[in-house]
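J.: I'd like to ask you about the structure that follows.
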Amino acid sequence: MNLLWFKSYKTNIETLREHGRVVAGRTGSNVAEVMEHISSIESKIVTMQSAEGLSRLTAAESTMSSHLENLGPRYRRQNHSRCCGVATLAIAWDLLGKFNKEKLLTVEEEMFKISKALNENAIKQRGMVLEELFIASKEIFGSLSHNLTGHPHHITKEVPQSIECLKETLGNHFRDEKRSIMLCNYNMRLAGQGNW
């Protein structure tokens, strides 16, 4: 499997400690407790580069159930601290056909121009709620005027309330044969990503 596009976002220990101090300040915990909590969460993560991660990727590739080679090179982190939803829309835009021959990624600023539903000033001040993401997705991917493939995509909005529901939601989506997009809003604590 070719992972040359993948860039690790591992950070140095001093940056990690700074993040720990910020979280400790916000939660009223001490830095040592926060660092211990982060370590306990990270110890359970299966990374793509680990033996287990590579084994899973190879198994998925052999059964043709992996979308990583298509998704991976189009993934990017958000540029603005409150634009994760806009970055998600840009990834979907690139995946569904806009991705150009030069393989340039669509940036957040372009998505604000593509969608009339996105209020750039408001989103950069407070972030985006799931309903705004849903409305923008319906406008961009559900309408014939912006559609990249000639037919509208099925857009769903899901808010799972437990880790079991999250797993079931993801499983059902990926087993479905329809060309569709799923926007899934979940609590970070629910997915084991921390309690802050």
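J.: Give me the accessible area of residue 45, 1.4 Å probe, in Å² rounded to the nearest 10.
T.: It works out to around 100 Å².
J.: Now a separate question. Using a 1.4 angstrom probe with every protein chain in place, what is the largest-first accessible-area order of 138, 113?
T.: Ranked from most to least accessible, the order is 113, 138.
J.: Solvent-accessible area of residue 134, probe 1.4 Å, all protein chains present, reported in Å² to the nearest ten, please.
T.: Here the residue's solvent-accessible area equals roughly 30 Å².
J.: For 26, 126, write out the residues from largest to smallest accessible area, computed with a 1.4 angstrom probe and no ligands counted.
T.: Correct descending sequence by accessible area is 26, 126.
J.: Moving on. Quick check: with the 1.4 Å probe, what order do 44, 116, 157, 124 take by accessible area, largest first?
T.: 116, 44, 157, 124
J.: Residues with amide H under 5 Å of residue 158's amide H, sequence separation 5 or more or different chain, H placed in the peptide plane at 1.01 Å from N; which?
T.: Result for residue 158 returns 183, 185.
J.: Residue separation times 0.36 nm, minus the C-alpha to C-alpha distance between residue 163 and residue 71: what's the value?
T.: Going from the current span to full extension adds 30.8 nm.
J.: Using a Förster radius of 35 Å, what is the FRET efficiency between residue 172 and residue 105 based on their Cβ-Cβ separation? Nearest 0.05, please.
T.: That pair, residue 172 with residue 105, gives E of 0.75.
The values are calculated or read from the model by the stated rules, or taken from the named source; none is laboratory data. Predicted model, so just to flag it, every value in this text is computed and none were measured. Glycine also receives a Cβ, built like all others from the backbone with ideal geometry; neighbour counts cover every protein chain displayed. Keep in mind that these areas ignore ligands, DNA and RNA; they rest on the heavy atoms of the full protein, side chains included. Shrake-Rupley method; radii C 1.70, N 1.55, O 1.52, S 1.80 Å.
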